[in-house]
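Since the structure comes first, as structure tokens, the remarks are kept for the end.
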Amino acid sequence: MKKNILITWTSKWIWNYVAKNLNDDFNIFGISRTKSELDLQREINIDLTKFELFDNLVKNFEQTEIKFDAIILNAWIWYFGRFSSWTDKEYLNIINLNLTSNILFLKKIEKFLNPKAKIIFIWSIIGKKFMKYWAVYQASKFGLRWFAGALKNELKWIWVHIINPKIVDTTFHDEAKIELNFWENKYTSKDEILACINEILNWNEKRFEIDL
């Protein structure tokens, strides 16, 4: 019997790739603001910064009596540039999606996790480094890393993992307001991330934090 996996932000980039490649072996339930082209077990299109919608999502899960064997949390947004370059609203968007939505979402759906279920955060090595032009983005990454670590120590009946890739081969930096000098030849491929997730799901990788 296929295991049920819930994945946030399945519409594009790394997360669409992960959902697509896990779809044959698992029942994938996707949550994303916009509809993807994938043929998933089920896709729920909501904006995860609309916290008031979470209760309706919970009621839906209760009605279907669904239980998840893993949750892969990916949803985040970025604004790269000088600290004064972005508006208050844009900075609130970063904190609300990257940090607050994960906390409130997991609080609501913890009861839908099977024993020994896995919570996998696909995050970033940037949460462990101090770099200019990334201040609020880094703050959200840093906060989520510590939230994940606290969950690991508290929720002993589940497994918590955080994957920290370097720059991934996508276009998500294209809207930066400054020239970004990335680490030459220090990238993480989508296949490396997918392979790490498979190792976790197959119980071959048990570390809490994996730097790619």
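Here is the list for segment 1-70: trypsin sites (Lys or Arg not before Pro) lying in DSSP coil, each with at most 13 other C-beta atoms within 10 angstrom of its C-beta, are K2, K35, K50. I want to make sure I understand the PRE zone here: with the label point 7 angstrom from the Cα of K2 toward its beta carbon, which residues in segment 61-80 have backbone N atoms less than 15 Å away? So the set is 67-70.
Distance between the modelled labels on K206 and A135, one decimal in nanometres: 4.3 nm (7 Å Cα→Cβ projection).
A simple spin-label model places pseudo-atoms 7 Å from Cα toward Cβ; at K108 and T87 they are separated by 2.6 nm. Modelled spin labels at R42 and A150, positioned 7 Å past Cα toward Cβ, are 3.0 nm from each other. Charged side chains reduced to their Cβ positions (Lys and Arg at +1, Asp and Glu at -1) give the chain a dipole of some 560 debye around its Cα centre. Packing, as the average of other Cβ atoms within 10 Å across residues, places the peptides 193-203, 132-142, 80-90 in the order 132-142, 193-203, 80-90, highest first. Placing unit charges on the Cβ atoms of the charged side chains and taking the dipole of the chain about its Cα centre, the candidate lying farthest along the positive direction among N153, I197, I28 is N153.
Mind running the shape call on segment 4-211? Use the C-alpha gyration tensor, a ≥ b ≥ c as the square roots of the eigenvalues: rounded below 1.5 for a/c, prolate if a/b tops b/c, oblate otherwise. Each step should come with its number before you reach the end.
On the way: a/c = 1.55, a/b = 1.37, b/c = 1.13.
Because a/c hits 1.5 or more and a/b exceeds b/c, segment 4-211 counts as prolate.
Counting only DSSP H runs of at least 4 residues, each contributing -39500 (n - 2.57), and dividing by the residue count of the chain, the helix-based mean residue ellipticity at 222 nm comes to -10000 deg cm²/dmol.
Values quoted throughout were computed directly from the atomic coordinates according to the rules given, and no laboratory measurement underlies them. None of the values given here were measured: they were computed from a predicted structure. When we count neighbours, we look across all protein chains shown, and the Cβ atoms used for this are built from the backbone with ideal geometry, even at glycine.
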